[in-house]
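Down below is the structure, laid out as structure tokens.
The values are calculated or read from the model by the stated rules, or taken from the named source; none is laboratory data. Just so we're clear, the structure is a prediction, and the values are computed from it rather than from any experiment. Glycine gets a Cβ as well: all are built from the backbone with ideal geometry, and neighbour counts include every protein chain shown. Side chains included, ligands, DNA and RNA excluded: accessible areas come from the protein's heavy atoms. Shrake-Rupley method; radii C 1.70, N 1.55, O 1.52, S 1.80 Å.
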Amino acid sequence: AQSVTQPDIHITVSEGASLELRCNYSYGATPYLFWYVQSPGQGLQLLLKYFSGDTLVQGIKGFEAEFKRSQSSFNLRKPSVHWSDAAEYFCAVGGPGFQKLVFGTGTRLLVSP
Amino acid sequence: DVKVTQSSRYLVKRTGEKVFLECVQDMDHENMFWYRQDPGLGLRLIYFSYDVKMKEKGDIPEGYSVSREKKERFSLILESASTNQTSMYLCASLRQGGSYNEQFFGPGTRLTVL
């Protein structure tokens, strides 16, 4: 069965420091992987996605993620965090075409001054 | 840009009431979804629809029904609201292009059932 694990419920990072949010997935075929961000009181916004090709994908707002098949991971990174990045981040996995997405439980990012 | 709108941002209802949550998308997408979001549980799929008048159960359909009479509108119905249905409800619309899919989300409706 498909599943996504985000092991960190909360992460606190100082403004200007680097960030890595972890995501591990279980999927029976080639996964399609997504990172979404949810600002307080808002819906989800797509940060980036991986379907095939280069395993390092670039997204919006300076985020990137690396797909590592051997580790079943798709970790999100940002070299320098801004206070406006404080939000909840969700990793999701799906398949090609019309496939339901399975979401992780989310990681809440807090940014300290 | 794709726009997914939900009829209410906040809603307060009483136990036993019938509740309608409306979702509208403006990009002619075939596929639409309803999720509920609870702390520590992430997003869980309630129902989805892949065409007008077509629907399929998601992972937690109990206590809910849906209606899709027009392509742009997907409604979630709580036949008799209960306190355990207090939650954030998110609607999404799916764009399919080539071999990939991308879901676009509405802003959510925070429902409180008293």
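Overview of results
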read-out: Region B:4-40: number of residues that are outside any strand (DSSP E or B) and under 15 Å from A:L101 (Cβ atoms); value: 1
read-out: Single residue of region B:27-44 satisfying the filter (in contact with a Ser or Thr (Cβ under 8 Å, 6 or more places away or on another chain) and more than 18 Å from B:L111 (Cα to Cα)) that is nearest to the other protein chains (Cβ to nearest Cβ); value: B:N31
read-out: B:E102 being more than 9 Å from chain A (Cβ to nearest Cβ), assigned to a strand (DSSP E or B) and among the acidic types (D, E); value: no
read-out: Among (1) within 14 Å of chain A (Cβ to nearest Cβ); (2) free of Cβ contacts under 8 Å to residues at least 24 places away in the same chain - the single one B:Y89 does not satisfy; value: (2)
read-out: Only listed residue being at pLDDT 95 or above and small (G, A, S), chosen from B:G58, B:G63; value: B:G63
read-out: A:V102 vs. criteria closer than 26 Å to B:F33 by Cα, open to solvent by 10 Å² or more (accessible area, probe 1.4 Å), more than 8 Å from chain B (Cβ to nearest Cβ) and of a type in the set (V, I, T); value: yes
read-out: Test: residue in region A:6-15 that is within 14 Å of another protein chain (Cβ to nearest Cβ) and open to solvent by less than 20 Å² (accessible area, probe 1.4 Å); value: yes
read-out: Qualifying positions in region A:20-59 - acidic (D, E) and not in a loop (DSSP other than H, G, I, E, B); value: A:E20
read-out: In region B:44-68, residue farthest from B:L78 (Cα to Cα) [restricted to those that are out of contact with any Lys or Arg (no Cβ under 7 Å at 6 or more places or on another chain) and charged (D, E, K, R)]; value: B:D51
read-out: Verdict on B:S80 being outside any strand (DSSP E or B) and away from chain A (no Cβ under 14 Å); value: yes
